[in-house]
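First up is the structure itself, then whatever we jot down about it.
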Protein chains: 2
Amino acid sequence: MGTTQSVPHRAVVEHLVRQVVYERLGKPMPRVAAAPNPLVVNISARHCHLTPEAVEALFGKGYELKVHKWLYQEGQFAAQETVTLIGPRSRVISNLRILGPCRNINQVELAYTDAVALGFGIPLRQSGDIDGTPGCMLMGPAGFFEMPQGVIRALRHVHMHPEDAEFYGVQKGDMMKLKVGGPCAITLEQLLVRVDPGFKLEVHIDTDEGNACNLKPDTPCELVK
Amino acid sequence: MGTTQSVPHRAVVEHLVRQVVYERLGKPMPRVAAAPNPLVVNISARHCHLTPEAVEALFGKGYELKVHKWLYQEGQFAAQETVTLIGPRSRVISNLRILGPCRNINQVELAYTDAVALGFGIPLRQSGDIDGTPGCMLMGPAGFFEMPQGVIRALRHVHMHPEDAEFYGVQKGDMMKLKVGGPCAITLEQLLVRVDPGFKLEVHIDTDEGNACNLKPDTPCELVK
């Protein structure tokens, strides 16, 4: 695995600067600056999670994913490897990115715009909840892998450390809202709260949601209960 | 031109039924039922508006657009004709629908997802406000037509008759919000109000916005000031 260390997310730097500035000035800290962690909002482009067996079928016996880029969540990465997705009407999406490390289920996460392009009806599901969802065929350099199910649109969600959940006054499974500002301002409701001691505070939305509000690194975002 | 009459929009039928039911039951009418007109929300897929000169360059001397489907706004239609859009990086979108009748400017309206696919940076503009926007090449069966400018993402907007503007207490140029319910609920802020005696009450959002909230004919929508 590679060891590329990406630069800190803009929201992380801003949060640090904000805290230091208020402290130096001896001014009362506004609520957003008092949060234990910066609010990072990232767009998940279409991608897949694969089992080691699927990776071997697609890339060859004993093959291991290589790191292309580390993601904000600890230990998660975009792999160098991509696959070709073949939909039920033989339409194709090339260069579908694999996210690593491997998991114990195979899951493809698409935006509705992708699904429409493929001629596919896909359900809105929480990651991992794939019973009864449609499948697809994947193609890699060493062969094909058939997924009998696992193609979903992932429910928009926020990863939270327990200290974030406490600060925002929410629990695992609650729904929050993300207010996104700017000229295409949107409030995304039905944002699922996921809490784990291994998580860093991060909202994941898909490309339809990100494009609907034209989310950029400097777009103001606020998490509300 | 064709004369196909499409069935009334679901929102139109619901609005009529709602008004009749409250009246028959002799119950006070809730605000939404008391509105002078039903709220119709439609998704505008990518399309273009063309001048007669552009239509002639693309389809031949004296060519006139044929009606594929009448739209909700009086006299507006999706044409049978489509063109191929060639972007600045020679990437292509096929089957770009022309909306008729012809106008006095050429304008292409894309979603950001389309723009990303084309490798294009396009600005968010009100329809008709195209100064300084990027251009593209269009290809039709009879030839090419170069647009030096006019490729935009249209600002989400609501068409209103003056009686709708009065009911909602807004004026031309104001911004409203559209609350969209369901499992992917979203509030679209920065919804531009356009008022004209020739308009029927209708919200236009693009495919990114429609897919972000998975708008269907039965998705509950509410217009708020």
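Among the residues examined, A:Thr133 does not qualify as touching a strand residue (DSSP E or B) at 6+ places or on another chain (Cβ under 6 Å), surrounded by fewer than 18 Cβ atoms within 10 Å (Cβ to Cβ) and at pLDDT 95 or above. For residues that are open to solvent by 50 Å² or more (accessible area, probe 1.4 Å) and in contact with a strand residue (DSSP E or B) (Cβ under 6 Å, 6 or more places away or on another chain), scanning just the range B:163-182, find the one that is farthest from A:Asp208 (Cα to Cα). Only one residue fits best here, namely B:Lys172. Does B:Glu14 count as open to solvent by 70 Å² or more (accessible area, probe 1.4 Å), in contact with a Pro (Cβ under 9 Å, 6 or more places away or on another chain) and at negative phi? For B:Glu14, the condition - open to solvent by 70 Å² or more (accessible area, probe 1.4 Å), in contact with a Pro (Cβ under 9 Å, 6 or more places away or on another chain) and at negative phi - is met.
Annotation: A:His49 fulfils all but one of (1) away from chain B (no Cβ under 14 Å); (2) out of contact with any strand residue (DSSP E or B) (no Cβ under 7 Å at 6 or more places or on another chain); the unmet one is (2).
Number of residues in the range A:195-213 that are in contact with a Leu (Cβ under 9 Å, 6 or more places away or on another chain) and either of a type in the set (Gly, Ala, Ser) or modelled with pLDDT under 95 (or both): the value is 1. Applying the criterion of being open to solvent by 50 Å² or more (accessible area, probe 1.4 Å) and assigned to a strand (DSSP E or B) to the residues of the range A:183-225, the residue that is farthest from the other protein chains (Cβ to nearest Cβ) is A:Arg194.
With the structure loaded, tell me whether B:Val40 is touching a strand residue (DSSP E or B) at 6+ places or on another chain (Cβ under 8 Å) and either charged (D, E, K, R) or farther than 25 Å from B:His161 by Cβ (or both) or whether it fails that test.
no
I need the full set of residues from the range B:145-182 which are within 14 Å of chain A (Cβ to nearest Cβ), assigned to a strand (DSSP E or B) and out of contact with any Phe, Trp or Tyr (no Cβ under 8 Å at 6 or more places or on another chain), in order please.
Those that are within 14 Å of chain A (Cβ to nearest Cβ), assigned to a strand (DSSP E or B) and out of contact with any Phe, Trp or Tyr (no Cβ under 8 Å at 6 or more places or on another chain): B:Ile152, B:Ala154, B:His157, B:Met175, B:Lys177, B:Leu178, B:Lys179, B:Val180.
Summed over the range B:74-130, residues that are part of a loop (DSSP other than H, G, I, E, B) and either open to solvent by less than 20 Å² (accessible area, probe 1.4 Å) or touching a residue at least 24 places away in the same chain (Cβ under 8 Å) (or both) total 22.
Report yes if some residue within the range B:160-177 is at pLDDT 95 or above, touching a Ser or Thr at 6+ places or on another chain (Cβ under 7 Å) and more than 18 Å from A:Tyr112 (Cβ to Cβ); otherwise report no. Checked against the condition, which is being at pLDDT 95 or above, touching a Ser or Thr at 6+ places or on another chain (Cβ under 7 Å) and more than 18 Å from A:Tyr112 (Cβ to Cβ), the range B:160-177 yields at least one hit. Among the candidates A:Glu56, A:Glu64, A:Glu23, the residue that is of a type in the set (Asp, Glu), under 25 Å from A:Ser127 (Cβ atoms) and open to solvent by 80 Å² or more (accessible area, probe 1.4 Å) is uniquely A:Glu64.
The values are calculated or read from the model by the stated rules, or taken from the named source; none is laboratory data. The model shown is predicted, which means the values in this text are computed figures rather than measured ones. Virtual Cβ from ideal backbone geometry, glycine too; neighbours counted across all protein chains shown. With ligands, DNA and RNA removed, areas are computed over all heavy atoms of the protein, side chains included. Shrake-Rupley method; radii C 1.70, N 1.55, O 1.52, S 1.80 Å.
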